[in-house]
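Below is one structure, written out as structure tokens, with a few remarks after it.
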DNA sequence: CATCTGATTTGATCTGTATCAAGGTGTTTC
DNA sequence: GAAACACCTTGATACAGATCAAATCAGATG
């Protein structure tokens, strides 16, 4: 079993006959709540590059990613941008009790979200505590991820940042797709160089250079546009600067 | 009313006859729950510099800061350190459902914490949903703060980082002390240069230089060891790079 | 009061990443 | 299949912040 899949409990398992097959609300579901959820849910699709909401805009729903990738970003007056959230399938977006979005939400790839109108969702939360409990767990996970990310932004070198990002995506990819085999890891890097630079707090040129460096050293193999192969996950891990034991959260 | 105190709702208000006078659990309290909380709470004191728990150590309590300042930090193998949490009075530490601490928790100043043994606290959470709701709110606030912090780490210059940190502490200080007047802001900077550098992802020399620069330009006045005066908060705010409207969270 | 200690400041130099600029690659469009 | 476009790579240079080193300051201690 490759290192990437250790310690990862499957998060996208289907949940009995729950029609909502992603992490947000499917855990421990009971039929009456599900009926209520069913009634207030609807799907929205976005093309890669489209903006879901702008920071400051009204956001009258909460949502969970069904397929594709969404990003949360902050922008400074002069245009400097920092990504602050990366939402993969089953991740949750939106804050109960807040009227407007605090971040730009953007579709990094083609994207389908399952939305719940906020008002009824909040009412449902009040009535069914375990939805709130689930949300608390997820928020705590996100907070841990944010803190790992802070270490990356504050203290890692460009090379370590790139290696870290590739490992993070490989891991999360592996945990989503249950076809994880003993073979080398192969997956889609679904971010442009620019998106990567916004994630890592670098310029896109530096990202490009460091990716090239890792490729030249054989730590990663790029196939075609976005496909990445990691021949030896442990060796790449050593480049991240992380504790080798790597007790990764989420 | 100085800018720093706008938009800040008082968070340390006493809560009727609630004996627990800090934010963690005092909101919306009812007497029977309080009795239960009373039974499982105890206080612990630490001297400045002492470690509360090391990352990876067993942590069988959750706690809220009563007085003083605690920090959460991550350390890399080679010793690089990044602060990932700054806990002021009324802030909460510890994660229900986790056995060990994910971070080093350190007393930045002399510190008193109000601790709740984890097991009974978790049981209480199950029985009284609004404690969980309160915790969810607080966790969401922390996540927002972490994301603001990520922008700082990823995209701000050293000068902007220093200005931001001073504003953040001034604001939080102002919201804790209800003596906020129209006069200039005066407060204690309770962090060493090293702690500031760990917060900001800089070296301590760079912190020192930039603080000196702001002092020479009259944006801040330092009195004695740690006292800071901000003669014109708005002018300092302009140096942070933040949106002038500054919709600051917590 | 002298000394010791830890924290801070300041200086000189080095380096990793940003910046500016040009060229390359693959894909879509007509 | 040529042109247009978006995305990516590579090169040359500049600069912010790191690093190494030394001096200064403020309390604490005897």
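Bear in mind these aren't lab numbers, they're just calculated from the coordinates by the rules spelled out. Since the model is a prediction, treat every value here as computed from it, not as a measurement. So basically every Cβ, Gly included, is an ideal-geometry build from the backbone, and we count neighbours across all protein chains shown.
Worth a mention:
- Evaluated on segment B:157-240, the Kirkwood hydrodynamic radius is 12.8 Å, with distances taken between all distinct Cα atoms.
- Neighbour counts of C-beta atoms inside 10 Å place B:103, A:43 in the sequence A:43, B:103, starting with the fewest.
- Compared with the alpha-carbon gap, the fully stretched path from residue A:112 to residue A:45 is longer by 23.7 nm at 0.36 nm per residue.
- Fewest-first sequence of A:149, B:54 by Cβ atoms within 10 Å of each Cβ: B:54, A:149
- Here the label points at residue A:204 and residue B:127, each 7 Å from Cα along the C-beta direction, are separated by 5.8 nm in the simple model.
- Alpha carbon centroid spacing (whole Å) that separates segment B:141-167 from segment A:35-78: 25 Å
- Going from the fewest other Cβ atoms within 10 Å to the most, the residues B:131, B:220 appear in the order B:131, B:220.
- Overall form of segment B:23-147: prolate. Here a/c, set by the Cα gyration tensor axes a ≥ b ≥ c, is 1.5 or more, and a/b is the larger of a/b and b/c.
- In nanometres and ascending order, the distances from the residue A:42 label point to those of the other copies are 5.5 (point 7 Å from Cα along Cα→Cβ).
- Relative contact order for segment B:23-147, counting Cα pairs under 8 Å that sit 6 or more residues apart, in percent: 36 percent
- Shortest first, residue A:213 label-point distances to identical copies amount to 2.6 nm, with the label point at 7 Å from Cα along Cα→Cβ.
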